[in-house]
Amino acid sequence: MTPDIRNELAPSGKLRVGLNYGNFLLVLKDAPDGSPNGIAPDLGRELGKRLGVPVEFVKFKQAGQLADGVRDGKCEVGFLGVEPQRAKEIAFTKAYLEIPVTFLVPAGSKIKSISEVDREGVRIAVSARSAYDLYLSRTLKHAKLERVEGIDASYDLFVKNHLDVLAGLKPRLTSDAENLPGSRVLDGQVTGVQQACGTTHARAAGAKYLSEFIEDVKRSGLVKKTIDKHGVRGVTVAP
């Protein structure tokens, strides 16, 4: 630990950690006293402990808003998915865990596999500016993405407008399928969202320390223990 690292990550004497409350796997319901609860908050507290400074959590409703918050200095550190578009403004660590992404189709759908989704006329509901929205925006050639703010809202859009496909995190889609008789989660995965930690490129010493921190919490088993502690299913520790 050097003064440069502490000054870059906690210039005010405290570490401001940005959390994406739209990711229900990483940020759970707040504790009764209002303190954040989940995998990302626990890792944020561990980071503050190692820096020797108090932690202040900054809450964001969606991943895109969190990315903006890191960029604009509303928080020094953010826990969010790695994406090339975001990496232009955020220095990411390697991933600490992965979340599979796939598709949900309604009852009676003729779409049987992931390979059949990217076709003309197929309409896909997606949470705007999520990591998988950014991925699908780069990779889809024919299907049309219909965006709305938030995972819950994308589900509502899918149902209300009778769209062909709902894109999302596999654990959430599995839960959604239970509420839609006859719907199916397509086998396999479109991509895996790489959840990492990031800060601005200007904080070079801080970014380097964050990378070392993430590798250490993976290697020591802390990430796995945190996943188990909160009973989160459908995610894996990144290599």
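No lab work stands behind these numbers, since they all come straight from the coordinates. Because the structure is predicted, anything quoted here is derived from the model rather than measured. Don't worry about glycine lacking a Cβ; one is built from the backbone with ideal geometry, like all the others, and counts go over all protein chains shown.
What are the semi-axes of the equivalent ellipsoid for the stretch 1-138, taken as the square roots of 5 times the Cα gyration tensor eigenvalues, largest first, in whole Å? Don't jump to the answer; show the numbers that get you there.
Values: eigenvalues 237, 56, 28 Å².
Its equivalent ellipsoid spans semi-axes of 34, 17, 12 Å.
Calculated mean residue ellipticity, 222 nm, the chain: -10500 deg cm²/dmol, from DSSP H runs (n ≥ 4) at -39500 (n - 2.57) each, averaged per residue and rounded to 500. Between Val159 and Glu46, the modelled label-to-label distance comes to 3.6 nm, taking each label 7 Å out from Cα in the direction of the beta carbon. Could you pull out which residues in the stretch 16-49 have an amide N less than 11 Å from a spot 7 Å beyond the Cα of Asp72, following the Cα-Cβ vector? Counting backbone N atoms under 11 Å from the label point, the list is empty.
Axis of helix 204-219 versus longest Cα principal axis of the chain: the two differ by about 70°, to the nearest ten degrees.
Considering amide H positions built from the backbone, and no H for Pro or chain starts, which residues 5 or more places from Phe57, or on another chain, come under 5 Å of its amide H? Amide H neighbours of Phe57: Val17. Between beta-carbons, use under 11 Å as the cut-off and find the net charge around Asp4, counting Lys and Arg +1, Asp and Glu -1. Combined, the nearby Lys, Arg, Asp and Glu give +2. A dipole drawn for the stretch 1-123 from +1 and -1 charges on Cβ atoms has a positive end, and of Val70, Tyr21, Thr102 the residue lying farthest that way is Thr102.
Could you state, as a whole-number percent, how many of the C-alpha pairs of the chain are farther apart than 26 Å?
Details: 10914 of 28441 pairs.
Roughly 38 percent, rounded to a whole number.
Amide hydrogen proximity for Ala196: with H placed 1.01 Å from N in the peptide plane, the residues at 5 or more positions away or on another chain lying under 5 Å are Leu80, Gly81, Val82, Tyr96. The 3J(HN,Hα) values that the Karplus relation (6.51, -1.76, 1.60; θ = phi - 60°) gives for the stretch 51-67 are, in residue order, 6, x, 9, x, 10, 10, 8, 10, 9, 10, 6, 9, 4, x, 5, 5, 4 Hz. Gly and Pro appear as x. Other residues lying with their Cβ under 14 Å from the Cβ of Leu169 contribute a combined charge of -1, Lys and Arg counting +1, Asp and Glu -1. Projecting the Cα positions of Ala131, Ala177, Asn161 onto the charge dipole of the stretch 99-191 (unit charges on Cβ atoms of Lys, Arg, Asp and Glu, taken about the Cα centre) puts Ala131 furthest along the positive direction. Just how far, in whole angstrom, is the stretch 38-102 from the stretch 17-33 if you go by their alpha carbon centroids? Distance between centres, Cα-based: 12 Å. Would you mind checking Lys94/Lys218; Lys74/Lys229; Lys94/Lys224 for any pair whose Cα atoms are more than 20 angstrom apart? Where the Cα-Cα span goes over 20 Å, the pairs concerned are Lys74/Lys229. The lysines whose alpha-carbon is closer than 18 Å to the alpha-carbon of Lys225, local same-chain residues fewer than 8 away aside, are Lys49.
Please compute the contact order of the chain in relative form: average sequence separation of alpha-carbon pairs under 8 Å and at least six residues apart, divided by the residue count, as a percent. Could the numbers behind the result be given before it?
Values: 469 pairs, mean separation 64.0, N = 239.
Result for the chain is 27 percent.
Rounded to the nearest 20 Debye, what is the dipole magnitude of the chain about its Cα centre when Lys and Arg each give +1 and Asp and Glu each give -1 at the C-beta?
Working: 35 positive and 29 negative charges, 43 e Å.
So the dipole magnitude of the chain works out to roughly 200 debye.
For the stretch 88-104, putting each phi into the Karplus relation 6.51 cos²θ - 1.76 cosθ + 1.60 with θ = phi - 60° gives couplings of 5, 10, 10, 8, 8, 7, 6, 5, 9, 8, 10, 10, x, 10, 8, 10, 10 Hz, in residue order, rounded to whole numbers and with x for Gly and Pro.
So if the hydrodynamic radius of the stretch 99-191 is defined as the Kirkwood radius over C-alpha pairs, what does Stokes-Einstein give as its diffusion coefficient at 4 °C and 1.567 mPa s, in µm² per second? Please list the in-between numbers first.
On the way: Rh = 12.7 Å.
Diffusion coefficient, whole number: 102 µm²/s.
The charge dipole of the stretch 77-162, taken about the Cα centre with unit charges on the Cβ atoms of Lys, Arg (+1) and Asp, Glu (-1), comes to about 240 debye, rounded to the nearest 20.
Return the loop-located trypsin sites (Lys or Arg not before Pro) in the stretch 20-64 (DSSP other than H, G, I, E, B) with at most 10 other Cβ atoms within 10 Å of their own Cβ; answer none if there are none. Mind showing how you got there, number by number?
Working: sites: Lys29, Arg45, Lys49, Arg50, Lys59, Lys61; in loops: Lys29, Lys61.
Passing both the DSSP loop test and the Cβ count: Lys29.
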